[in-house]
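Data block below; observations after.
The values are calculated or read from the model by the stated rules, or taken from the named source; none is laboratory data. Please read all numbers here as calculations on a predicted model, not as lab measurements. As a convention, Cβ positions derive from the backbone with ideal geometry for all residues, glycine included, and neighbour counts pool all protein chains shown.
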Amino acid sequence: MTEPAPLASYWDHVSMRWLTARRLRAQALTLAICLWGVFAVDFTTPGFFDRAGNIKFQDFIPLYVSARLVAEHRSVDLYDRGIQQSEIRSLIQEPNRVQVPYLYGPQVALLLLPLAKLSFPVAARIWVTLSLFISFVCFYTMWKRCPHLQSQAYLIVVGALAFPPLFHFVVRGQLSALVLACFTAALLAVQANRNWVAGIALGFLIFKPQFLVAIPLILLLARAWRILAGLLLSSVVQLAFTRVYFGAEVMHAYGEMLRHAPNWIDLAELPLALIQMHSLRSFWSLLISAPQVAFVLYALSSVGVIWITTIIWKSALSLSLRFSALIVAAVLVNPHVFVYDLLVMAPALLLIGDWCLTPDQLAFVPRIALLAYLAYALPLFGPLTQWMHLQFSVVVFAALLWTLWRMSLRTLS
């Protein structure tokens, strides 16, 4: 019978001493009050603009405009920058320099078609309200499957409200709740031993294909054939339906947009695009000034992430930790993951938190708990990267995955 490993470092000691439920509740409550207090003050203005001069729910604008184009049988104009800008100007009817291109598949505009009949402010509020409902259903569903967190309901609620990606996706009017729903449904299906269904749920992520850069490769290398087959089937069916419904011209324009996605993102975000991202691509691009070198390092580190996540998935670790590793890998390899996209980390953080409270896990609990805590909080400080050129959130995500890999090796020995 092996003895638990001693605390490995000073940081292990710090996490055991300071990451108490009481402190976490106090910090989460303070952060939630600050974030939503700012939101309340900033958005309580008449018209389209908040107190900072930004359009309220700005990222919902291209979604709304695109839904209107589909409603008007103008799908061919979905990826025309000039027409998009003209539609935005006519919608706002006030001087502005907003350039928010449409970066999704045409099927997303079709999904939002019912909102095209409403005014933009009403449609945006309905979408954000619905997205919040979807998010909290996912949070609640995951929490109910974390037996060791059942006594921490208050902490979970306050922690959810204080989660920085939740705040950002609400302020921006983003689609992050749909991505969260796909990952949540996939996890529930795997837990129920319905791997085909899990793959189908992951395949729905094709509407935001950057989340599918790593996952199919991990499943292929891990020989998770049923999940992979479900993912491919779901993706192909969705793309085939979109091709039949919208036609070849629209799909060609969509493909061209994907090929030049960095240019479209830079058009909207200008020099702030990289500091709002939290993946290996942004990490190396901020750290290395030479674009070619940064891309090579991104590719090599992504291969490493995919490889160690494959080992984790094939190991005897609990499903909670293996699926958490899959989520972290999908985020790290994602070439364009913004702070609001990190909403998908919520299931991983809940599962890891539940595991940390499991008895007889002393060897890795302190460092896993600390890394999970930092993964939760550090995206809030992304703007500091503008001066530091080091995205600490990515370092923590990678360290969390590395620690899970080290744990998985013990199960293989």
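Structure data summary
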item: Residue match in the range 369-379 (condition: surrounded by 16 or more Cβ atoms within 10 Å (Cβ to Cβ) and more than 19 Å from Leu24 (Cβ to Cβ)); result: no
item: Residue that is nearest to Ile288 (Cα to Cα) [pool: residues in the range 380-400 that are surrounded by fewer than 24 Cβ atoms within 10 Å (Cβ to Cβ) and aliphatic (A, V, I, L, M)]; result: Leu390
item: Every residue from the range 209-218 that is surrounded by fewer than 22 Cβ atoms within 10 Å (Cβ to Cβ) and either β-branched (Val, Ile, Thr) or within 23 Å of Ala109 (Cβ to Cβ) (or both); result: Pro209, Gln210, Leu212, Val213
item: Single residue of the range 119-129 satisfying the filter (within 13 Å of Ile61 (Cα to Cα), in contact with a helix residue (DSSP H, G or I) (Cβ under 7 Å, 6 or more places away or on another chain) and among the aliphatic types (A, V, I, L, M)) that is surrounded by the fewest Cβ atoms within 10 Å (Cβ to Cβ); result: Val128
item: Residue that is closer than 22 Å to Tyr373 by Cα, aromatic (Phe, Trp, Tyr) and in contact (Cβ under 8 Å) with a residue 24 or more places away in the chain, where the choices are Phe120, Phe139; result: Phe139
item: Of all residues making up the range 277-326, the number that are farther than 21 Å from Thr403 by Cα, surrounded by fewer than 24 Cβ atoms within 10 Å (Cβ to Cβ), out of contact with any helix residue (DSSP H, G or I) (no Cβ under 6 Å at 6 or more places or on another chain) and touching a residue at least 40 places away in the same chain (Cβ under 8 Å); result: 1
item: Only one of Ala399, Ala363 that is modelled with pLDDT under 80 and either outside any helix (DSSP H, G or I) or under 20 Å from Ile218 (Cα atoms) (or both); result: Ala363
item: Leu180 vs. criteria touching a Leu at 6+ places or on another chain (Cβ under 8 Å), surrounded by fewer than 20 Cβ atoms within 10 Å (Cβ to Cβ) and under 19 Å from Ala375 (Cβ atoms); result: no
item: Output for the range 164-194, where each listed residue is touching a Ser or Thr at 6+ places or on another chain (Cβ under 9 Å) and within 23 Å of Thr30 (Cβ to Cβ); result: Pro165, Leu166, His168, Phe169, Val170
item: Conditions (1) over 21 Å from Gln58 (Cβ atoms); (2) crowded, with 21+ Cβ neighbours inside 10 Å; number of the one not met by Phe136; result: (2)
item: Restricting the range 37-68 to residues that are among the acidic types (Asp, Glu) and outside any helix (DSSP H, G or I), the residue that is nearest to Ala253 (Cα to Cα); result: Asp59
item: Qualifying position, being surrounded by 15 or more Cβ atoms within 10 Å (Cβ to Cβ), more than 25 Å from Ser282 (Cα to Cα) and of a type in the set (Lys, Arg), among Arg223, Arg194; result: Arg194
item: Single unsatisfied condition, Val250 versus (1) more than 24 Å from the chain's Cα centre (by Cα); (2) β-branched (Val, Ile, Thr); (3) modelled with pLDDT of 95 or more; result: (3)
item: Residue in the range 69-87 that is modelled with pLDDT of 90 or more, under 29 Å from Ala346 (Cα atoms) and assigned to a helix (DSSP H, G or I) present; result: no
